[in-house]
Amino acid sequence: MKHVALEQLQTVADVEWEQQPQPMSRNQRIERWAELLELNPSRRLATLHQTENRLAKERDAMRIDGSPISAAFGDPVLRAAGLQGDSYGEAKRFFELTDYQLHRALCYCHFGATVSAATAAHYIRKAAGSGRRSLVARLWERLAE
């Protein structure tokens, strides 16, 4: 067997390898997402329509091209860390956010059809730092289940 450098091998073959998930803490994942959005802060991103009025199964399946979640899924670092798609439910699972937190950062009812990347980053980062939730937030969570 002949050993060659990856760069040499790529000149004669399509090389693909499976990346192993890289461990990142919840805060690291959320911070990475916010930083990605802040690379182009004035970029308009699509919002999700009426997340608060959907059944949990339907809400989890929601996705739209050009959303803040799509921006996260476009990042190879977050995909290598385990982000598997750009649906609402996958964002909720991977970033360990609540329905209330995602609703506040991504829903049409707060921003209209689009939200600036800077604003989405602000609310995503705010969700990461939230320790104690308000009574309204906790009630909304219960109703959303």
task = Within segment 41-73, track down each residue that is assigned to a helix (DSSP H, G or I) and under 17 Å from GLY112 (Cβ atoms).
result = THR51, GLU52, ASN53, PRO68
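Identify the residue in segment 111-131 that is assigned to a helix (DSSP H, G or I) and out of contact with any helix residue (DSSP H, G or I) (no Cβ under 6 Å at 6 or more places or on another chain) and, among all such residues, is nearest to LEU48 (Cα to Cα). Spell out the reasoning first.
Filtering segment 111-131 for residues assigned to a helix (DSSP H, G or I) gives 111, 117-129.
Next cut, out of contact with any helix residue (DSSP H, G or I) (no Cβ under 6 Å at 6 or more places or on another chain) only: 111, 118-119, 122, 126, 129.
Values: PHE111: 10, ALA118: 17, THR119: 15, HIS122: 17, LYS126: 19, GLY129: 23 Å.
The qualifying residue nearest to LEU48 (Cα to Cα) is PHE111.
Might you let me know whether segment 80-97 holds any residue that is of a type in the set (Lys, Arg) and not in a helix (DSSP H, G or I)? Don't jump to the end; show me each part of the working.
At the first step, the residues of segment 80-97 found to be of a type in the set (Lys, Arg) are 92-93.
From what's left, not in a helix (DSSP H, G or I): none.
Checked against the condition, which is being of a type in the set (Lys, Arg) and not in a helix (DSSP H, G or I), segment 80-97 yields no hits at all.
Just to check your reading of the model, which residue among TYR88, TYR108 is of a type outside the set (A, V, I, L, M, F, W, C), under 16 Å from HIS49 (Cα atoms) and free of Cβ contacts under 8 Å to residues at least 60 places away in the same chain?
On inspection, the qualifying residue turns out to be TYR88.
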remark   = Only one of (1) in a loop (DSSP other than H, G, I, E, B); (2) at pLDDT 95 or above; (3) among the basic types (Lys, Arg) does not apply to LYS2, and that is (2)
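The values are calculated or read from the model by the stated rules, or taken from the named source; none is laboratory data. Just so it is clear, the model here is predicted, and its values are computed rather than measured. Every residue, glycine as well, gets a Cβ built from its backbone with ideal geometry; the counts of neighbours run over all protein chains shown.
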